Structure formats: C-alpha cells, structure tokens
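Below: the structure, in structure tokens.
The values are calculated or read from the model by the stated rules, or taken from the named source; none is laboratory data. Being a predicted model, the structure only gives us computed values, none of them experimental. Here the Cβ positions follow ideal geometry from the backbone for every residue, glycine too, while neighbour counts run over all protein chains shown. Remember, those area values only see protein heavy atoms, side chains included, never the ligands or the DNA or RNA. Shrake-Rupley method; radii C 1.70, N 1.55, O 1.52, S 1.80 Å.
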Amino acid sequence: MNELGFIPVTFIPAIWIVAAYLLGSIAFGILISKLYGLPDPRSVGSGNIGATNVARSGKKSAAVLTLLGDAFKGWFPVWLALQSGMTMWLISAVGLAVFFGHLYPIYHGFKGGKGVATALGVMLAISPMLALAALVTWIVVFAVSRYSSLAAIVAAVLAPVYAWFLLAHADNLVGVSDYVLTVLVMSIFLVWRHRSNIQKLLAGTESGFGKKK
C-alpha cells in the first residue's frame, strides 16, 4: 500500500498512465472551436483537430489557444510526474500515454490529431532545450517553405537526433535512453500521421499558408 493507505503501489503506474491518456484525449481544437462558434475542425479543411486546421477558420486567436492547450496537456502530466519523483520509465510512459491520447482520443472515436503540439509539450517537460531545438527547426522550415506539414515532418525527423545529443550527455540525467526512445517513438508516429501530407507534398498539391493553389 502507498502512503495514502488505500491504493496498492502496483496500481500507481497504471493510474498515472491512464490519467495521462485521458488528459491527452481532450481535443482542444474541438472545444475552442465550439467556444468561438466555429465549425467543428473535423468537418472543414484537412479534418484535423489541431491548431493548423483551426487557423483555417480565420480566427488566429482560436488557433493559438488550441496550440497552447494541446502543448499544455503534453507538458503538464510529464512535468507533474517529474515533480513527483516518478521513475524514468514511468515518466516516459506518461509522455507516450498523453501523446497517444491526442492521436487516438477515447472521447472522439479514437480519431484525433497529428500530435505536433502535444509532442512539443512532452519534450518541453523533459528538456526545454530539446523543445526549443524542435520548435526552431519548425519555424525555420515553415518560414522558408510556408508548409506547416513539411515543418512538422522535418522537426519530427530531427527531434531524436537532438534528444540524443542534448540528453545523452546531460550531467543531471541518468539513463536517459528512456527519454530518447520516447522522442523516437513520437517522431515515428508524427511522420506516420503526416503520410497523406507527404504524398501531397510529393505531388505538389499540399496546401501552404500564403500560397496560391
């Protein structure tokens, strides 16, 4: 039993993981769109629930709130697990649980977003420098190409490389292979979730901000 006297210690990891998944399943794109009286993001544009598709509604503030909400839900449970002194494998599992919650939300028929902002939030909790490196990569690629999808794909591909160099030699972290593996798994799924965008990029039919079709 734990210090509360009624929850078996063996149940604690499962509780953390399930709670993180349920938090990740909250679709801020849908909630914010309803708050603003905008169309359900699943019914317009790419059908994605993320900030990029919400931005196509013309309400930049709605897109920003969606981005912040999705990033926050990725950051908070991982940060809380770190503050609570959880083991590294459990912290990593919490990060993946909230990420997969966004991708496959139980509240919305397991049809979620692509996970870019949520993954960024997870990385922010693990290492602000790691999150900054991924964010700067996204900004640079987007500024040059005007394709949000391409920026996300490039950032996802490079994120495990950043994780290896920034975390593997960190003096204050021990056994960071769990964290590096977490970033690698998220990156693989981020690229996979962008597979239709990759096809459109190769075909020259992808929608870009500020680009005429």
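Taking K and R as +1 and D and E as -1, what net charge do the other residues with C-beta under 14 Å from the C-beta of residue 65 add up to? Mind dumping the intermediate values first?
Numbers: positive: 34, 59, 60, 73; negative: 70.
Every neighbour counted, the sum reads +3.
Computed from the C-beta positions of residue 207 and residue 43 and an R0 of 22 Å, the FRET efficiency is 0.85 to the nearest 0.05. For region 62-158, chymotrypsin sites (Phe, Trp or Tyr not before Pro) meeting the loop criterion (DSSP other than H, G, I, E, B) and having at most 14 other Cβ atoms within 10 Å: 110. Placing +1 on the Cβ of every Lys and Arg and -1 on the Cβ of every Asp and Glu, with nothing else charged, gives the chain a dipole about its Cα centre of roughly 1200 debye. Between the entries (1) 66, 32, 29; (2) 60, 39, 26; (3) 53, 35, 34, the label attached to Cα extents along the principal axes in Å calculated for this structure is (2).
Other residues whose C-beta falls under 13 angstrom from the C-beta of residue 194 contribute a net charge of +3, scoring Lys and Arg +1 and Asp and Glu -1. Rounded to the nearest whole Hz, the Karplus-based 3J(HN,Hα) values (6.51 cos²θ - 1.76 cosθ + 1.60, θ = phi - 60°) of region 19-28 follow the sequence 4, 5, 4, 5, 5, x, 6, 5, 9, 5, with x at glycine and proline. Checked against a 19 Å cut-off, the cross-linked pairs 111/200; 59/111; 34/59; 34/200 give Cα-Cα distances beyond that limit for 111/200; 59/111; 34/200.
On average, how much accessible surface per residue is there in region 1-128, in Å², for a 1.4 Å probe, leaving out ligands, DNA and RNA? Present the calculation step by step, with values, prior to reporting the outcome.
Numbers: 6160 Å² over 128 residues.
Here the per-residue accessible area is 48 Å².
Contact order for region 84-130, expressed relative to its length and based on alpha carbon pairs under 8 Å spaced 6+ residues apart, stands at 26 percent. In the chain, Cα pairs under 8 Å separated by at least six residues give a relative contact order of 18 percent.
In sequence order, region 195-201 has phi-based couplings of 4, 5, 5, 4, 4, 5, 4 Hz under the Karplus curve 6.51 cos²θ - 1.76 cosθ + 1.60, θ = phi - 60°, and Gly or Pro positions carry x.
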